[in-house]
1. For the stretch 56-205, what does the alpha-carbon gyration tensor say about shape, rounded, prolate or oblate, given a ≥ b ≥ c as the root eigenvalues, a/c under 1.5 as rounded, and a/b over b/c as prolate?
2. Rounded to the nearest 10 Å², what accessible area does D158 have for a 1.4 Å probe in the complete protein model?
3. For a quick check: with amide H placed at 1.01 Å from N, whose amide H comes under 5 Å from G103's, ignoring anything fewer than 5 positions away on the same chain?
4. What do you get for trypsin sites (Lys or Arg not before Pro) in the stretch 145-190 restricted to DSSP loop and a cutoff of at most 14 other Cβ within 10 Å of the site's Cβ?
5. Take the Cβ-Cβ distance between L157 and M118 as r, set R0 to 30 Å, and report the resulting FRET efficiency rounded to the nearest 0.05.
6. Please list log₁₀ I(q)/I(0) at q = 0.21, 0.22, 0.25, 0.26 Å⁻¹ for the stretch 70-143, using the Debye equation with identical point scatterers on the alpha-carbon positions.
7. For S121, S188, what's the largest-to-smallest order of accessible area, 1.4 Å probe?
8. For Y146, Y189, Y77, Y120, give me the order by solvent-accessible area with a 1.4 Å probe, most accessible first, ignoring ligands, DNA and RNA.
Amino acid sequence: MHLHFFRLNMDAYPSALSFSSILAYTCWLVAVHCIITLVFVDSSVERSELGMQRVTNCILIDNDKVLLIKKPRRGWYAIPGGKMEQGETIKESVIREFWEETGLKLIDPSLTGAFTFMIYSSDELVHEWMMFTFMCKASEGELASYCKEGELEWVALDAIHKLPMAEGDRKIFAHVFSSNDMLFGSFSYTEDYELLQMRFDPTTS
């Protein structure tokens with residue numbers, strides 16, 4: 001909270017005004033300023049809480065292979081997708097993001113999981129986002145020859161478990177390949193993406 005104090009020039013006020021009246025008016029100005037400041041701070045907090053990042057991605061399966069992106073930073077494999085845009089539905093988002101990264105348009109993707117991700121620095125939460133994972137078995141278009149996010153690669157289903165990737169993604173793949181049930185989960189990682197904790201509903205082995 002910021003307080004501003006005013007220096008009053010008594011000669012600028014009519015003689016009919018008492019010092020107590022001027023003081024009361026000054027206190028009123030300060031009070032209004034404090035209220036405005038508090039409202040602004042509260043609004044900023046509210047906007048921050050509403051601004052949790054939302055991500056969509058899709059596991060596209062075709063001829064017993066899955067289309068993945070090999071990220072250049074760690075050499076880890078990831079599911080194509082990205083951030084939602086304002087006003088999009090999660091289905092609109094995953095179709096757009098998948099097309100932007102791969103050149104393929106998903107045909108009737110179905111939601112298979114919803115997950116919360118939390119990144120910690122020591123014991124402090126520094127980042128949190130929601131991820132909605134779809135599964136799809138049909139697409140149209142031609143695979144892009146270049147993807148700015150990494151190298152596109154079709155990987156055989158039975159080779160997925162051997163790939164370097166985030167441990168949470170490994171669990172998601174295991175569920176999608178073995179069940180048609182919707183999976184809900186929460187993952188906690190360090191800033192170096194070392195898995196700290198995960199939990200699922202329904203419980204997975």
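The values are calculated or read from the model by the stated rules, or taken from the named source; none is laboratory data. Everything quoted here is computed from the prediction, not taken from an experiment. Because the Cβ atoms are built from the backbone with ideal geometry, glycine has one as well, and the counts that use them run over all protein chains shown. Keep in mind that these areas ignore ligands, DNA and RNA; they rest on the heavy atoms of the full protein, side chains included. Shrake-Rupley method; radii C 1.70, N 1.55, O 1.52, S 1.80 Å.
1. rounded
2. 110 Å²
3. Excluding prolines and chain starts, which carry no amide H, the hits are A144.
4. Numbers: sites: K148, K162, R170, K171; in loops: K148.
Passing sites in the stretch 145-190 are K148.
5. With R0 = 30 Å, the Cβ-Cβ based efficiency is 0.55.
6. Values, matching the q order: -1.04, -1.10, -1.24, -1.28.
7. S121, S188
8. On the way: Y146 165, Y189 5, Y77 25, Y120 60 Å².
Accessible-area ranking of Y146, Y189, Y77, Y120, largest first: Y146, Y120, Y77, Y189.
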